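K.L.:
Have a look at this one.
The values are calculated or read from the model by the stated rules, or taken from the named source; none is laboratory data. All values derive from a computational prediction rather than experimental measurement. No Cβ is skipped: glycine too gets one built from the backbone with ideal geometry, and neighbour counts run over all protein chains shown.
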Amino acid sequence: MLKLNYYTLKDTFVRHPINKSNTKHSMNRSLNWVSRAGLRPTKQRIKLAQILIGDGENKHITAEGLFDLVKKSNVSVSLATVYNTLKAFCDVGLINEVMVDGGKSYFDTRLDDHPHFFWEDTGEISDAPSENLEINNLPNAPHEYEITKVDVIIRVKRSN
Ligand SMILES: [Zn+2]
């Protein structure tokens, strides 16, 4: 009897690897994330949200990168929808847009103010440590304008 249980458990484990509950968890997390922001939780939005924040890790991703990932899933989403959804997520403050290099945009799921490294050899960005960053003085905003945000993007390349 014990032995049978053992095999049953093992079998279940193999057929439904660790992720079964995690997938459900990431689905719920994504559903809540989208709904709480006041967006209608469409199938496509949930799928995209799941890729963005389903595993609880922060990400920097381009629309094209997200499109490539969603293509591998069972939900069909056009590149235009990916763009629109990312813009909608930005508008409600779920993610931030970080513009680098000639207007290329990365979408960042981390919401607090933080600097980025821009890796010139790969064209990617990652979070940079913020401990030593100080911005003490900014130029005045142009007449009749106000500063809304200061993005710090530190470009790096191999030094040798
Ligand atoms: Zn970031």
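K.L.:
List every residue pair whose Cβ atoms lie under 6 Å apart, where the two residues are 6 or more positions apart in sequence or sit on different chains, the first residue falls within the range 55-67 and is free of Cβ contacts under 8 Å to residues at least 40 places away in the same chain, and the second residue, located anywhere, is away from the ligand (no atom under 14 Å from the Cβ) and among the β-branched types (V, I, T).
P.N.:
F67/V82
K.L.:
Right, L66: in a loop (DSSP other than H, G, I, E, B), under 28 Å from V150 (Cβ atoms) and modelled with pLDDT of 95 or more or not?
P.N.:
Answer is no for this residue.
K.L.:
Starting from the range 104-118, keep only residues that are under 16 Å from G65 (Cβ atoms) and without any contact (Cβ under 8 Å) to a residue 40 or more places away in the chain, then list their pairs with residues that are more than 8 Å from the ligand (Cβ to nearest atom) and part of a loop (DSSP other than H, G, I, E, B) whose Cβ atoms are within a distance under 8 Å, requiring at least 6 positions of separation or different chains.
P.N.:
Within 8 Å, the pairs are F118/D101.
K.L.:
Need the failing condition index for L86 against (1) within 16 Å of the ligand (Cβ to nearest atom); (2) aliphatic (A, V, I, L, M); (3) loosely packed, with under 10 Cβ neighbours inside 10 Å, just the number.
P.N.:
The number of the failed condition is (3).
K.L.:
Within the range 122-131, can one find any residue that is of a type outside the set (D, E, K, R), crowded, with 16+ Cβ neighbours inside 10 Å and within 16 Å of the ligand (Cβ to nearest atom)?
P.N.:
yes
K.L.:
Might you check whether a residue that is among the charged types (D, E, K, R), within 16 Å of the ligand (Cβ to nearest atom) and surrounded by fewer than 12 Cβ atoms within 10 Å (Cβ to Cβ) occurs anywhere in the range 94-104?
P.N.:
Scanning the range 94-104 turns up no residue that is among the charged types (D, E, K, R), within 16 Å of the ligand (Cβ to nearest atom) and surrounded by fewer than 12 Cβ atoms within 10 Å (Cβ to Cβ).
K.L.:
If you don't mind, there's one more thing I want to ask. For the range 110-121, state whether one or more residues are buried (at least 16 other Cβ atoms within 10 Å of the Cβ), within 16 Å of the ligand (Cβ to nearest atom), of a type outside the set (A, V, I, L, M) and closer than 26 Å to K47 by Cβ.
P.N.:
Among the residues of the range 110-121, not one is buried (at least 16 other Cβ atoms within 10 Å of the Cβ), within 16 Å of the ligand (Cβ to nearest atom), of a type outside the set (A, V, I, L, M) and closer than 26 Å to K47 by Cβ, which makes the answer no.
K.L.:
Continuing with this model, one more query. Is one or more of the residues making up the range 44-58 more than 13 Å from S30 (Cβ to Cβ) and within 16 Å of the ligand (Cβ to nearest atom)?
P.N.:
Yes, because at least one residue in the range 44-58 is more than 13 Å from S30 (Cβ to Cβ) and within 16 Å of the ligand (Cβ to nearest atom).
K.L.:
When the range 49-68 is examined, which residues are found to be under 17 Å from V34 (Cβ atoms) and surrounded by 14 or more Cβ atoms within 10 Å (Cβ to Cβ)?
P.N.:
A49, Q50, I51, L52, I53, G54, K59, I61, L66
K.L.:
Looking only at residues in the range 69-83 that are part of a loop (DSSP other than H, G, I, E, B) and in contact with a helix residue (DSSP H, G or I) (Cβ under 7 Å, 6 or more places away or on another chain), which one is surrounded by the most Cβ atoms within 10 Å (Cβ to Cβ)?
P.N.:
The extreme case among them is V77.
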